[in-house]
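For reference, the structure discussed in these notes is given below.
The values are calculated or read from the model by the stated rules, or taken from the named source; none is laboratory data. All values derive from a computational prediction rather than experimental measurement. So basically every Cβ, Gly included, is an ideal-geometry build from the backbone, and we count neighbours across all protein chains shown.
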Amino acid sequence: HMIPALNEGEEPKPKTAEQINEEITNKYRLGIKQMLGDQQKILDKLIEENIEVVKAEMEEQNNKAPEADQPPPAQPTPEEEKQPAAEDGQEAPADQEAVQEETEV
């Protein structure tokens, strides 16, 4: 009961791989063009709106006095200025001991 099997590579090929690829690519291109077309309209609208907003913001900034936007120079807080200075004489005891040892010798 031998069924005439088609050997690999002997299948009927009405279209070449290139033709099939081209068809698929064209279908995708059409679909993408349609999708992009819609998105492009939305994007254009968004861009136009953003340009208007940015223009308005720029005009507002230009109308303001430039000095108002700058923060005042940072000044040290009083607490930072009043750090206790290291008092002289804190290390005196150690020095005295060393001096005593030297005199004993």
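Observations, loosely collected:
- Only one of the listed residues (GLU23, GLU18, GLU11) is loosely packed, with under 10 Cβ neighbours inside 10 Å and at pLDDT 85 or above. That residue is GLU18.
- Hits in region 24-59 (condition: acidic (Asp, Glu) and over 27 Å from the mean Cα position of the chain (by Cα)): ASP38, GLU59
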